[in-house]
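Structure first, commentary second.
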Amino acid sequence: MKKILCLTVILPLFWLLAGCATAVKPSAVKLCAQNSCDTIKEESPRQELLVKLYNLIKKNLNKSFPLYEVEPGKVIEAKERQSYLDKGFSFYVQGGPMPGTGTAKSITFNDILYVDRENMEIKLKISYVGTWNLMPLLVLPAEAILSIKSATEVSLESDHLSSWMVVGTGMWHFKWFFDYIDFDRMILAGSCATRYVGPLSLGGGKGYVQISLGDALPDLPEMTAAAQGAPPEKKPDSPAVASPPLLVFKTAVEDGSKDGIFDGGEQVTMRVDVENRGTGPAGNVEVQLTGDENLLRFFGNRRSIGDIQPGEKRMAEFKAVLPMEIEAGAKEIHVRVREGRGYSPEEMNVLKVAVRSGTVRESVEVISAVPKLVFNTQLRDQNGNSILDGGEEISLRIEVENKGEAKAEKVEVLLTGHPVLTRAFGNSRAIGDIQVGEKKAALFKATLPAQIPSEPANLRIEIREGRGFAPPERKVLQVAMRAVEVREVVEVLSDIDVDDIPPRIKGYQKQEDFALIVGIGKYREKMIPEIKYAVRDAEVVAKYFEHLAGISPGNIKILTDDKATKSDIESHLEDWLQKRATKNSTVFVYYAGHGAPDHLGKEAYIVPFEGHPDFPSKLYPLTRMYEALGRLPAKEVVVMLDSCFSGAKGRSVTSEGARPLVMSPGAPALAVGRITVMAGSTGSQISSDYDKMRHGLFTYYLLRGMRGEADRDKKGTVELGGLFDYVKANVAERAVVEFNREQTPVLLPADPKSDKLRIPVTKTH
């Protein structure tokens with residue numbers, strides 16, 4: 001009796017501890033290929049490893065492979081495998097309805113869903129076969145992520161719904177850290193851990209496990225058919241290719257001036273010749289371009305060239321006319337060739353090119369034949385008093401003339417400015433091609449709503465040309481509804497129109513500075529309220545960093561809505577910035593969106609696009625963000641958060657329009673002194689949307705301050721301390737007037753005289 005009582009107490013405790021098991025991350029990963037083994041180094045090309053793992057798994061889809069649990073570091077030789085075959089990978093279970101030992105017998109890679117080359121991930125569909133107390137264990141197929149985060153972190157992670165004789169239902173979480181990868185013998189080995197959670201039970205375990213992809217089970221075990229019923233329909237394996245293709249390729253580039261430099265306004269052609277030197281056909285061949293995004297958007301990213309027979313050559317051509325105003329600098333283009341069945345060349349061609357702006361200035365004589373567009377505007381109101389009254393019919397005529405020496409293609413008129421006017425007129429009109437010496441007009445007609453505000457308004461007119469030959473200037477009509485005459489003026493930096501993007505400050509460039517901008521307005525989970533202006537905030541803030549802070553467009557990353565997943569945010573904070581920032585860099589991080597506290601109120605999380613406030617594993621902790629930024633070699637880091645935590649009785653997300661996020665003033669990373677955090681409100685307040693201006697209240701005054709209103713000493717420079725003082729005073733006042741509540745921005749560490757951020761200000765009147 002005492003023994004039974006002892007076991008009753010000890011076994012549950014043991015299984016509880018087993019449920020907390022975690023896989024051991026290795027200190028090094030050994031990689032074997034071509035009969036030689038070596039340790040993966042940090043500088044090793046991880047792209048090659050990703051491709052090899054992809055090809056290895058692809059060749060072994062829909063085959064069931066046994067799992068061998070061995071002592072750490074051991075690799076089972078072929079002659080030993082029979083003695084390990086029935087052991088599998090064991091773990092422990094408490095409850096459900098009885099304690100027991102589970103064993104994962106085999107694994108199947110069912111499908112490859114996608115390959116993420118930027119984040120170094122392969123998304124798979126996998127399934128396990130196992131037993132519980134020697135009885136069949138039904139484990140449903142699930143999605144898994146194979147990721148290569150560093151030279152020492154190659155992992156496979158998945159979650160599976162499982163059931164033992166129906167009653168023992170729960171969720172298994174598997175995570176492997178591989179420390180031995182042998183492409184010659186097709187072996188993956190490393191530390192594996194599993195955790196189990198069910199309504200009546202929990203458990204887990206860990207061990208060193210090996211998969212030998214050279215040992216496919218001939219058939220699924222009989223117990224699987226008993227647990228699952230009829231086995232699922234198996235996809236037929238692709239027939240073996242007795243005579244495989246062998247693809248080689250070369251790349252040639254030709255620019256219009258033939259000087260080897262990509263100039264704005266000239267035509268550039270990239271030709272990729274692909275030859276099949278193998279003995280079998282190559283199927284679904286595709287040429288892919290990666291590298292500098294600002295350059296590749298003019299060429300496109302891929303061309304399909306179909307099947308290539310042995311001895312045959314095919315060509316893919318990428319052609320573009322570069323815009324006149326193109327970002328100058330040294331760029332890289334990576335050329336790869338992909339074959340549909342995986343017979344792709346492992347190497348890639350790297351093109352290093354110089355890009356030079358072709359912007360036309362009055363002092364430069366332009367010889368090449370290019371279009372030159374000029375335009376004029378005419379706004380008419382129904383009663384002819386030059387005042388836009390509610391209910392009045394109005395019209396806007398824009399006449400565009402081509403005074404250049406070549407045809408202008410796909411000309412378009414764009415309108416931005418006051419929402420009353422843009423909603424009435426619409427945002428654009430296409431007027432097509434304009435020949436040399438020809439004039440064409442775009443006509444906008446509208447009837448204003450009966451109820452419109454009595455206030456001044458701006459209407460900005462911009463012309464676009466299909467190849468980038470647009471007029472460099474925009475025109476702004478300053479109108480007043482019921483008050484001021486209509487007059488055409490030079491573009492004005494209005495003290496309230498923050499969407500009127502300031503011009504770039506000439507000669508002011510910060511090539512080593514970086515900005516990560518995140519704005520999430522719509523979430524995958526429909527229960528999370530939409531934030532109307534979060535994406536708009538992010539896009540305008542990015543333009544301000546480019547034009548006023550002098551940050552190169554290539555050094556600015558914008559993540560919005562479904563492009564701001566947890567992995568996207570994590571990889572850009574922890575990888576993208578880490579690889580690029582230098583000791584001379586100032587790094588800016590801006591976030592507009594929801595956040596969530598944990599139920600104890602001790603942690604704060606950013607809510608990514610797919611996040612759910614009830615599941616912390618789907619959220620990104622603020623402390624983790626601060627720690628990642630603290631590891632940067634950067635000179636200074638400035639974080640701007642248009643979010644807050646409202647204290648809504650434990651709810652993670654508050655009412656519509658609120659941006660909940662708790663601050664962490666005690667985070668160790670903030671004590672270093674290189675990181676400054678400016679937040680839209682204190683932890684107990686709501687950070688509001690400002691519907692009148694279609695921005696977050698905090699972001700609206702942040703933008704006004706950056707464009708010059710926060711210049712405290714009137715010396716033409718905005719610094720961080722002055723910016724915070726301006727934002728704090730205006731946000732606090734406007735929150736009371738507009739919303740009858742308090743909102744007080746916060747600076748951490750509290751240093752209102754900080755001068756970490758300095759922005760030259762161009763004042764135009």
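Nothing in this text is a laboratory measurement; each read-out follows from the coordinates by a stated rule. Being a predicted model, the structure only gives us computed values, none of them experimental. As a convention, Cβ positions derive from the backbone with ideal geometry for all residues, glycine included, and neighbour counts pool all protein chains shown.
Numerical summary
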| read-out | value |
| --- | --- |
| Under 15 Å from residue 52, Cα to Cα: aspartates and glutamates that are on another chain or at least 8 residues apart | 116, 121, 182, 184, 339, 346, 347 |
| Length gained when the stretch residue 464-residue 28 is fully extended (0.36 nm per residue, less Cα-Cα span) | 151.5 nm |
| Residues of type aspartates and glutamates that residue 319 reaches as a straight line, Cα spacing below 12 Å, ignoring anything fewer than 8 places off in the same chain | 254, 255, 266 |
| Cβ-derived FRET efficiency at R0 30 Å, residue 304 paired with residue 48, nearest 0.05 | 0.80 |
| Residues in region 305-321 that a label on residue 279 would reach, taking backbone N under 18 Å of a point 7 Å out along Cα→Cβ | 309-312 |
| Cα principal axis extents for region 373-489, largest first, Å | 46, 22, 21 |
| Centroid-to-centroid separation of region 304-348 and region 730-750 [C-alpha atoms, Å] | 53 |
| Cleavage-rule hits (trypsin sites (Lys or Arg not before Pro)) in region 139-196: DSSP loop, at most 14 neighbouring Cβ within 10 angstrom | 185 |
| Cα centroid of region 535-579 to Cα centroid of region 47-63, whole Å | 32 |
| Peptides 245-255, 626-636, 70-80 ordered by average Cβ neighbours within 10 Å, highest first | 626-636, 245-255, 70-80 |
| Partner lysines for residue 635 [C-alpha distance under 22 Å; skip if fewer than 8 residues away on the same chain] | 510, 557, 579, 583, 753, 756 |
| Ranked by how many other beta carbons lie within 10 Å on average, peptides 740-747, 587-594, 505-512, 395-402 from highest | 587-594, 395-402, 740-747, 505-512 |
| Highest to lowest packing among 695-701, 730-736, scored as the average C-beta count within 10 Å | 695-701, 730-736 |
| Value of relative contact order over region 368-423, rounded to a whole percent, pairs C-alpha under 8 Å and six or more apart | 41 |
| Efficiency of FRET between residue 267 and residue 732 - r from beta-carbon atoms, R0 51 angstrom, step 0.05 | 0.40 |
| Cα→Cβ-extended label distance, 7 Å offset, between residue 445 and residue 578, nm | 6.2 |
| Value of relative contact order over region 287-327, rounded to a whole percent, pairs C-alpha under 8 Å and six or more apart | 38 |
